[in-house]
1. Nearest 500 deg cm²/dmol is fine: what mean residue ellipticity at 222 nm does the chain get from its DSSP H runs of n ≥ 4 alone, each adding -39,500 (n - 2.57), divided by its residue count?
2. Pairs K221/K245; K50/K221; K144/K234: which are spaced more than 30 Å apart, C-alpha to C-alpha?
3. Just to verify a number: FRET efficiency for N71 and I172, C-beta to C-beta distance, R0 = 51 Å, to 0.05?
4. In debye, nearest 20: dipole of the chain around its Cα centre with unit charges on the Cβ of K, R (+) and D, E (-)?
5. Please report how far the C-alpha centroid of the range 183-215 lies from that of the range 150-174, rounded to the nearest whole angstrom.
6. First obtain the Kirkwood hydrodynamic radius of the range 1-81 from its Cα pairs, then insert it into the Stokes-Einstein equation at 20 °C and 1.002 mPa s, and state the resulting D in µm² per second as a whole number.
7. Can you list the residues, at least 5 places off or on another chain, whose amide H is less than 5 Å from the amide H of G76, using H built in the peptide plane?
8. Along the Cα-to-Cβ line of N110, 7 Å from the Cα, sits a label point; which residues in the range 140-169 have backbone N less than 20 Å from it?
Amino acid sequence: MKMDLHSFQIVEEFLSRNVNGIESWQLDYFTDHKKRFQADLELVLEQNPKGPILEIGSAPGHMTALLAMHNLDITGVDLAPERVASISNEFKLNIQACDIELAPLPFSDNSFEYIVFSEVFEHLRIDLPFTLSQLNRVLVPGGKLLLTTPNVYSLPSIARFLTGRSIADPIIEFGKLRGLGHMGHVREYSSKEVGRCLEASGFVLNSTNYRYHKNNRSKKKALLSLAYRMVPSKFHREVVIVAEKVASADKFDPIVNLPTANN
């Protein structure tokens, strides 16, 4: 299936018509992350899942709507679906409530062929092993997981570290619990760290890649895009992993399951 770029225009027009005191941030978010949504959607369509798809962390609902407009059988999960009620109602989205760190996913075993887990991993702060075991549980054997997360070895992260700043400022990131209703970045990970966690949870890695999204909205971002073009991909902003369920993860035991790592 080919990506329908008109679907992005439809979402953007809806957001433009419905900007108000609560939702004004959503239009800016969509503009800033449009290229990421396009890249994620292209990956999903390339892999052509035939069965049900689960998206973890649906808010603000943009990706959920785009998947639905491509006639995919998409179900979303979010901490508080009421935060995105307007877009959910407009596009007739099925977004169910669940705190994925504290409660089991509200679905039977082997319910989904594909899971989209984009830009969520870095927000988890309570029980990462439990969350990964739940993703494994609801995915069919052989089902695929698309995971994207910021790269701790990206150029901006290295620059912050070298200038004595925190990669993820705790005051800002914990403050998002009140401002946005969910945690900010608890920490950022290397691709090896993410891969090891997935392998310990019953997955095998099909591919690991890195990417950045060209952004010329400001001089600073334009210069960063130029810098990305000049360095190896392992210093790009995002880690993109496609993994496959090969075993059950009824119990995550890092001592037993986690491969030994030297770095």
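The values are calculated or read from the model by the stated rules, or taken from the named source; none is laboratory data. This is a predicted model, so every value here is computed, not measured. Backbone-built Cβ (ideal geometry, glycine too); neighbour counts: all protein chains shown. Calculation scope for accessible area: heavy atoms of the full protein, side chains included, ligands and nucleic acids excluded. Shrake-Rupley method; radii C 1.70, N 1.55, O 1.52, S 1.80 Å.
1. Helix contribution divided over all residues of the chain: -12000 deg cm²/dmol.
2. Going by Cα-Cα distance, K221/K245; K50/K221 fall outside the 30 Å limit.
3. 0.85
4. Computed about the Cα centre, the dipole is about 1120 debye.
5. With the range 183-215 and the range 150-174 each reduced to a Cα centre, they are spaced 17 Å.
6. Calculated translational D: 162 µm²/s.
7. E55, N94, I95, Q96
8. Once the point is set 7 Å along Cα→Cβ of N110, 140-145 turn out to lie under 20 Å by backbone N, inside the range 140-169.
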